[in-house]
Structures are given as structure tokens and as C-alpha cells.
Amino acid sequence: FHYDLLTGRHVVITAGPTREPIDPVRYLTNKSSGKMGFALAEAAAEAGARVTLIAGPVALPTPERVQRIDVVRAQDMYQTSMDVVEQGCDVFIATAAVADYRPTVTADHKIKKSTEEIHLTLVKNPDIIAAVASHDKRPFTVGFAAETQDVISYAQGKLTNKKLDMIATNDVSGSNVGFNSDNNALTVIWPGGHKVLPLASKRQIAKQLIELIAIRYKD
Ligand code: C5P
């Protein structure tokens, strides 16, 4: 690991879950802890990069020398990401577990208990990384894919469909990796190659992934 791999580069990372309000006291979210994104932010800063970390609601301290922007909803994460990409960045890493859908309407007041069955209508959220990868100021774009089956083929599909430069994929069907764990194992795929990063701490995995990104970015 070289400490000047990303000197002079601006790296942007999304991390954590998003929170989609149903009413003033309820929301939809997921189990993302944000640990992988925060570990990557720390590793990128150690590699000399200027780092912007766009974080959903997580209980993690901000790594040293990292500029953190807190967001709540997917729409806020999307707008913040677009603003940062518009201003210019070199590498964009999307680790956030963005909610795929949000309630179509957010009630102004707490929804009251009433009938036996009620319905919640959802609408699709914008795909942040796909928008970043199609931007005219497109940075080197790296996605994540957490899968429980056919891990590699689903990841390859996302690499192509979202027009990414690289995708890091992990199998979250086991309990020793991925969501909320301190460890992770990744298969990193790019057009024309791949590398397996075997089970290690998220901090070690982050350093290896940052090194791989820096090498591919230079190419
Ligand atoms: O399609 P899927 O959600 O599995 O793709 C995962 C990748 O896409 C991750 O890098 C995630 O951060 C990103 N993503 C995003 N915006 C969304 C959904 C996913 O940036 N609305």
C-alpha cells in the first residue's frame, strides 16, 4: 500500500442506508451499517486523496481528513452526489445501500391505526451511480453489489447496465461477511479482468480495493 497512490485526486464515496419517510415518525430503511464505505474513506485519505463522504444515517465517527456530508433520503443523496460530480471529482465509489423505493407520499401527520389492512404505495428512487456514470463530467465509477445468489453474473450485469468502470461484489447470504460485519470478502470485476480479495477485516479489504482502484484509474 503506497501512501501517495491518490495524492491530488478527489474521491467521493456514498455510504450507509437511506431513510425514506412514511410519516413524521416512521420510515423505510435497510440493514446497511456504513462500515465498508467509512473504511474506504479512511483508506482513500491515507492514500493521499481529498475525500468527500456522503453518508446516510449511521452511527460511525468521521475518519480523519475526510469531509462528511450527512443525508437522509435517497433523493438527498442523489442531489448531493450530482452537485459534487458537477463540481468535479476523479473517483466515485458507491457503497451506499440506497432504498430502491420510497413512499409515494409522506403523510404530514402520524398515520392513525384504522382498518385491518392498509396499503403503502411506493415509487422508484433515482439510481445514483447510474446517473454519475452517465454524467458528462463522469469520474472513474465504482459500484458495489451485495447478492445472495448468482453473485458474479448479477454483478457483471450491473457493471454493464450501469456503465461502471469496476464493481465490487460480495455474497451476503452468509453471516460472516457484508452487512454490519467487521469482515468482508470481495470479488472485484472490471471490463476484461477480476480479482478476488479473500476474507479480511473491512479495513484491510478497503486498503486493497483502494490500491486496485488507483491502478485501474491510472490505466
Ligand atoms: O442495483 P443495485 O442496487 O444492486 O446496485 C448496487 C450499486 O448501485 C451500489 O453501488 C449502490 O450504491 C448503487 N445504487 C445507487 N443508487 C440506487 C441504487 C443503487 O447508487 N438508487
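Assorted remarks:
- The dipole here belongs to region 1-101: it is taken about the Cα centre, uses +1 on the Cβ of Lys and Arg and -1 on the Cβ of Asp and Glu, and is about 220 debye.
- On the basis of the beta-carbon distance and an R0 of 22 Å, residue 69 and residue 108 show a calculated FRET efficiency of 0.25.
- Computed over region 123-219, Kirkwood Rh from alpha-carbon pairs, angstrom: 14.0
- Ranked by how many other Cβ atoms sit within 10 Å of their own Cβ, fewest first, the residues 109, 119, 135, 10 fall in the order 119, 109, 135, 10.
- GluC sites (Glu not before Pro) restricted to region 30-120 and DSSP loop, no more than 15 other C-beta within 10 Å: 64, 116, 117
- Using a Gaussian network model of the chain in which every pair of alpha carbons under 10 angstrom is joined by a spring, one finds that among 193, 37, 143 the greatest mean-square fluctuation is at 193.
- Amide hydrogen neighbours beyond the local backbone of residue 54, cut-off 5 Å, H modeled: 13, 14, 15, 69
- Under Karplus coefficients 6.51, -1.76 and 1.60, residue-wise ³J(HN,Hα) of region 184-192 in Hz, glycine/proline x: 7, 9, 10, 10, 9, 10, 9, x, x
- Under the combined filter of DSSP loop state and at most 13 neighbouring Cβ atoms within 10 Å, region 1-94 retains these trypsin sites (Lys or Arg not before Pro): 31.
- Of 58, 123, 72, the one that fluctuates the most in a GNM where the chain has Cα springs shorter than 10 Å: 123
- Relative contact order computed over region 27-86 (Cα-Cα under 8 Å; 6+ residues apart), in percent: 29
- Radius of gyration and Dmax over the Cα atoms of region 117-167, both given in Å: 14.2, 47
- Ordered by the count of other Cβ atoms within 10 Å of each Cβ, fewest first, 210, 118 give 118, 210.
- Rounded to 10°, Cα long-axis angle of helix 35-46 versus longest principal axis of the chain: 40
- Couplings 3J(HN,Hα) for region 101-113, derived from phi with the Karplus relation 6.51 cos²θ - 1.76 cosθ + 1.60 (θ = phi - 60°), are 10, 10, x, 4, 10, 9, 5, 5, 10, 4, 6, 7, 5 Hz, where x marks Gly and Pro.
- Angle between the chain longest axis and helix 74-87 axis [Cα atoms, degrees, rounded to 10]: 40
- 25 Å Cα-Cα reach of residue 158 towards lysines, excluding residues that sit fewer than 8 places from it in its own chain: 31, 35, 124, 137, 195, 202, 207, 218
- Summarising the amide proton neighbourhood of residue 145: residues at separation of 5 or more, or on other chains, whose placed amide H is nearer than 5 Å comprise 168, 169, 170.
Only the coordinates and a few stated rules stand behind these numbers; no lab work does. Because the structure is predicted, anything quoted here is derived from the model rather than measured. For neighbour counting, all protein chains shown are included, and Cβ atoms are generated from backbone atoms with ideal geometry for every residue, glycine included.
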